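**Student:** This structure is in structure tokens; I'll ask about it shortly.
The values are calculated or read from the model by the stated rules, or taken from the named source; none is laboratory data. Keep in mind that this is a model prediction, so the values were computed, not measured. Neighbour counts are summed over all protein chains in view; Cβ atoms, including those assigned to glycine, are modelled from backbone coordinates with ideal geometry.
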Amino acid sequence: MNNPWLKIPATDYEAHMPLPQVAQAQALNKLMASALAQYAPKSLAVIGCTTGNGFDRIDTSHTSRVVGVDINPAFLVILKAGFAHRISLLELIEADITAPDFEIEPVAMMFAGLVFDYVDVVSAMKNIVRCLSPGGIFLSVLQLPSAVSAPVTPTRYKSLELLAPIINLVPPFEFTDICASV
């Protein structure tokens, strides 16, 4: 597979995301914390989990089963090292969420932060719907266009620029329509 996400070192990703001009790590962490506090799911899947941003916000007294899904195996190694001791039912899955065979045991809640700008939304949503428990909650964070920054903010971490050719910002109304149709 020639996916640019496989060429991004975890160290570059972790250093890029919290930079002041990017500030996506902080935003995703707060949004995940808010969702966990509001819904307190018994089981959770984090799609595009990377190295575990937000996993420190998981209250294992409420959420006992946690599934992290990412396409980059190096990200999952770091996540495991940081959280396997804290989350006893931690499942880490290296997968492409658009693959026809993508499937996980259903969960009560799924959180996908800044994922859908890099995948075929229809294929991914068809798979995600199959992986939600009845009455399950699906939350997604989409990136909106910016008047002051490119979709992939240029920083000293040049490997992230590999994403520029594949990023496709999904308008929220279009995303909502897709979600409603699958």
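**Student:** Which condition breaks for residue 36 when tested against (1) surrounded by 19 or more Cβ atoms within 10 Å (Cβ to Cβ); (2) part of a strand (DSSP E or B); (3) of a type in the set (A, V, I, L, M)?
**Tutor:** (2)
**Student:** Would you mention how many residues in region 129-142 are among the aromatic types (Phe, Trp, Tyr) and under 17 Å from residue 25 (Cβ atoms)?
**Tutor:** Selection size over region 129-142: 0.
**Student:** Now, a different point. Within region 128-142, track down each residue that is over 23 Å from residue 171 (Cα atoms) and crowded, with 17+ Cβ neighbours inside 10 Å.
**Tutor:** 131, 132, 136
**Student:** Answer with yes or no whether residue 145 is under 27 Å from residue 20 (Cα atoms) and either touching a helix residue (DSSP H, G or I) at 6+ places or on another chain (Cβ under 9 Å) or of a type outside the set (A, V, I, L, M) (or both).
**Tutor:** In short, yes.
**Student:** Tally time: how many residues in region 143-167 are surrounded by 12 or more Cβ atoms within 10 Å (Cβ to Cβ) and more than 23 Å from residue 30 (Cβ to Cβ)?
**Tutor:** 6
**Student:** I would also like to ask the following. Can you tell me how many residues in region 41-81 are in contact with an Asp or Glu (Cβ under 7 Å, 6 or more places away or on another chain), of a type in the set (Gly, Ala, Ser) and surrounded by fewer than 18 Cβ atoms within 10 Å (Cβ to Cβ)?
**Tutor:** So the count comes out to 0.
**Student:** If you go through region 16-23 one residue at a time, do you hit one that is assigned to a helix (DSSP H, G or I), surrounded by fewer than 21 Cβ atoms within 10 Å (Cβ to Cβ), free of Cβ contacts under 8 Å to residues at least 12 places away in the same chain and over 15 Å from the mean Cα position of the chain (by Cα)?
**Tutor:** No, region 16-23 contains no residue that is assigned to a helix (DSSP H, G or I), surrounded by fewer than 21 Cβ atoms within 10 Å (Cβ to Cβ), free of Cβ contacts under 8 Å to residues at least 12 places away in the same chain and over 15 Å from the mean Cα position of the chain (by Cα).
**Student:** Further question on the same structure: So is residue 111 within 14 Å of residue 66 (Cα to Cα), surrounded by 17 or more Cβ atoms within 10 Å (Cβ to Cβ) and among the hydrophobic types (A, V, I, L, M, F, W, C) or not?
**Tutor:** It is true that residue 111 is within 14 Å of residue 66 (Cα to Cα), surrounded by 17 or more Cβ atoms within 10 Å (Cβ to Cβ) and among the hydrophobic types (A, V, I, L, M, F, W, C).
**Student:** Is there a residue being closer than 25 Å to residue 40 by Cα, modelled with pLDDT of 95 or more and in a strand (DSSP E or B) anywhere in region 142-154?
**Tutor:** no
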